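The next block holds one structure in the form of structure tokens; read it before the comments.
The values are calculated or read from the model by the stated rules, or taken from the named source; none is laboratory data. This structure is a prediction, so every number in the text was calculated from the model and none was measured. Neighbour counts are summed over all protein chains in view; Cβ atoms, including those assigned to glycine, are modelled from backbone coordinates with ideal geometry. What goes into the accessible areas is simple: the full protein's heavy atoms, side chains included, and nothing from ligands, DNA or RNA. Shrake-Rupley method; radii C 1.70, N 1.55, O 1.52, S 1.80 Å.
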Amino acid sequence: MSDIIHLLPDAVANQIAAGEVIQRPASVIKELVENAIDAGATAIQIVIKDAGRTLIQVTDNGFGMSETDARMAFERHATSKIQNADDLFVLRTMGFRGEALASIAAVAQVELRTRKHDDELGVLIEIAGTRIFKQETIQCVAGTTFFIKNLFFNVPARRRFLKSDNVEKSHILNEFYRMVLVNPAVEFSFFDGDDELYRLPAANLKMRIDNVFGSSKKRIPQQLLNIESSSGLVDIIGFIGKPEFAQKSAQQYFFVNGRYMRHPYFHKAVMLAYNQMIQANENPSYFIYFEVDPQSIDINIHPTKTEIKFENEQAIWSILSATVKEALGKFNVIPSIDFDSEGALEIPLNVHPENVKPPQTSFNPAYNPFSTSYKRPALEWEKLYDGFEKTANHSAPEIKPTDSLHFESDFGSGFEFFDSRPEQQKIAGNEESYTANFQFKNRYIITSIKSGMLIIDQQRAHFRVLYEHYLLANKLHIAHSQQLIFPESIALRHEEMLCYQQLEDALKAYGFRIEVAENSLLLVHGTPALLAASGVEALIHEMLDNVQNTGLVTAESVGEKIALLLAKASCIQVGQKLSAEEMSNLIDRLFACENNNYTPDGKKIHTTLTQEEMLARF
Ligand code: ADP
Ligand code: MG
């Protein structure tokens, strides 16, 4: 039998390779723009027609090509960017495979016009299906223009595989965003036929993001927080969205060394940092740029794949997580609510109840922080921080069940510190400086703030307050138990009994006193102080269900879940009438919380009706 193996002709080999590299018009744009950036362009213009099917034109003012280079550029594995295998590990260019132009020329009709800045004349090359049709010297501006016409003209199967114009256009725009967001210093313009869709001047990163995604009505910078961190392993800079601007669909971008990447694992780090700050179905935007030693990543995976492997993935995960959390943390201490502060007592927002001892009941009757003429002496202000140093030296801070940590169901004692309006103030009232709160339908508390009207959901606010209270009490080992007169017995199913062991310690720490009797029977002798005894059985079942279904493993996650369920079970309900004092107490406590925007299960606690919105209604 004669030999049957032979080499494929170039045209066929190129077409096969093209199948990998060029999948749709968006891939052509990506390759051409990357080449332009590699060529040092400072201005790039893109024109598409029919979603790139009939024409894709990319013009740059980069360094251009000589006549020989222009011919060579279409050969497979022809590149000016690497010389040998070692160069692969120190890549600073977008391209390096020398495949893109060969692939494009194999599946489209290509016209190239290019001139180097020092040359007087440029060159025109026409090539289609790998065959050169024309090569001539021309007069043209310095730089390079590629015209890619009738993509897949010779591969009908590919052409048919393309989606509707809208889908292809959105692929193109996605590629466009990825490139413009990482090259803010390069000026870009983008035309769809004769319509100019984007004109992006050279800018800094923040302005570029704003120019791409913002509008005169929707300014992006005010929605973003800066992030920055630098270590031997990785430098991270960029922006993350403030939690309140999270949306169902958000702009989420990672870049490494100037290249877009997808990274589900790092994405998780960012999302976890937003835990409890945004609703479950919302997403924060982020634009995060990593710089690492090129040797520590492998971008050589696949021409169209955007996943990138990192050598130190876990360490970078932790750095990223800490960086994002820090930015969110800083942001959270800054009050997100602009209470009318004029004449009102300022609440130090970063004060933790465990660090504060309420000032003793004695107070100076002449001290009236609400009188407009009164200037609080610095000394009084410092008093608010009483206890900081003391508790720092104490191994266990003195917190008794009746003191400020507790938010009793009747909102009774405690919290004089926060509710420090002098008595005569409360009774006589000083209408100018006293901000009245108003309860609406026994459900919302409405209060006036500088920018408008703040509407707080009372139940959700209390849920948040109690949640942080329980967590803290648990952390400080000061959870209090109330003894039940008649122990409550709870029968568990076999599988519930198995989970119970996982919960036992945590339940105890929260103030449950539970005895395990025979036959999977629990006897509850005591419950956390704020919990109504009637709800205990349902609550225990719910907790066990939770452990079973979610497989909570760490003590921390079990603890958080219990705090959540406990807080939910013991918070005030919609329909409960609140006194003026209770309302102001609740507001104060809410805004002393670490996170006052969302409930622990991600529901919005308050919203603001701004003065502008009100004006617009009249
Ligand atoms: P790669 O980018 O991987 O090197 P390409 O096939 O995309 O491979 O390009 C081949 C070569 O053509 C590049 O290495 C570069 O030297 C040259 N080239 C392509 N586009 C341009 C351009 N816009 N300006 C200058 N040179 C270019
Ligand atoms: Mg290239």
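Out of Ile48, Ile29, Ile44, Ile56, which single residue is touching a Phe, Trp or Tyr at 6+ places or on another chain (Cβ under 9 Å), open to solvent by less than 20 Å² (accessible area, probe 1.4 Å) and either free of Cβ contacts under 8 Å to residues at least 24 places away in the same chain or within 20 Å of Gly122 (Cα to Cα) (or both)?
Every option except Ile44 fails the conditions.
Specify which of the listed residues (Leu112, Leu32, Leu55) is away from ligand 1 (no atom under 13 Å from the Cβ), touching a strand residue (DSSP E or B) at 6+ places or on another chain (Cβ under 8 Å) and closer than 21 Å to Phe190 by Cβ.
It is Leu55.
Answer yes if at least one residue in region 73-93 is in contact with a strand residue (DSSP E or B) (Cβ under 6 Å, 6 or more places away or on another chain), without any contact (Cβ under 8 Å) to a residue 60 or more places away in the chain and away from ligand 2 (no atom under 13 Å from the Cβ), and no otherwise.
no
If I ask for residues that are within 12 Å of ligand 1 (Cβ to nearest atom) and either under 11 Å from Asp119 (Cβ atoms) or open to solvent by 70 Å² or more (accessible area, probe 1.4 Å) (or both), which ones from region 135-151 would you list?
Hit for region 135-151 is Ala142, nothing else.
So is Leu609 surrounded by 14 or more Cβ atoms within 10 Å (Cβ to Cβ), over 30 Å from Ile485 (Cα atoms) and touching a strand residue (DSSP E or B) at 6+ places or on another chain (Cβ under 8 Å) or not?
Answer is yes for this residue.
With the requirement that a residue be hydrophobic (A, V, I, L, M, F, W, C) and either farther than 26 Å from Gln45 by Cβ or not in a strand (DSSP E or B) (or both), what does region 129-160 give you?
Selection gives Cys140, Val141, Ala142, Leu151, Phe152, Phe153, Val155, Ala157.
Please work out if Ala43 is more than 11 Å from ligand 1 (Cβ to nearest atom) and either of a type in the set (S, T, N, Q) or in contact with a strand residue (DSSP E or B) (Cβ under 7 Å, 6 or more places away or on another chain) (or both).
Against the criterion (more than 11 Å from ligand 1 (Cβ to nearest atom) and either of a type in the set (S, T, N, Q) or in contact with a strand residue (DSSP E or B) (Cβ under 7 Å, 6 or more places away or on another chain) (or both)), Ala43 qualifies.
Could you list, in sequence order, all residues of region 73-106 that are near ligand 1 (Cβ under 8 Å from one of its atoms), in a helix (DSSP H, G or I) and modelled with pLDDT under 85?
none
Of all residues in region 27-62, which are in a helix (DSSP H, G or I) and within 15 Å of ligand 2 (Cβ to nearest atom)?
Ser27, Val28, Ile29, Lys30, Glu31, Leu32, Val33, Glu34, Asn35, Ala36, Ile37, Asp38, listed by residue number.
Return the pair list, or none, for Cβ contacts closer than 9 Å from residues in region 202-223 that are open to solvent by 50 Å² or more (accessible area, probe 1.4 Å) to residues that are in a helix (DSSP H, G or I), at least 6 apart or on different chains.
Once the first residue is open to solvent by 50 Å² or more (accessible area, probe 1.4 Å) and sits in region 202-223, its partners that are in a helix (DSSP H, G or I) give Ala202/Arg208; Lys206/Pro221; Met207/Pro221; Asn211/Val180; Arg219/Asp210; Gln222/Phe245.
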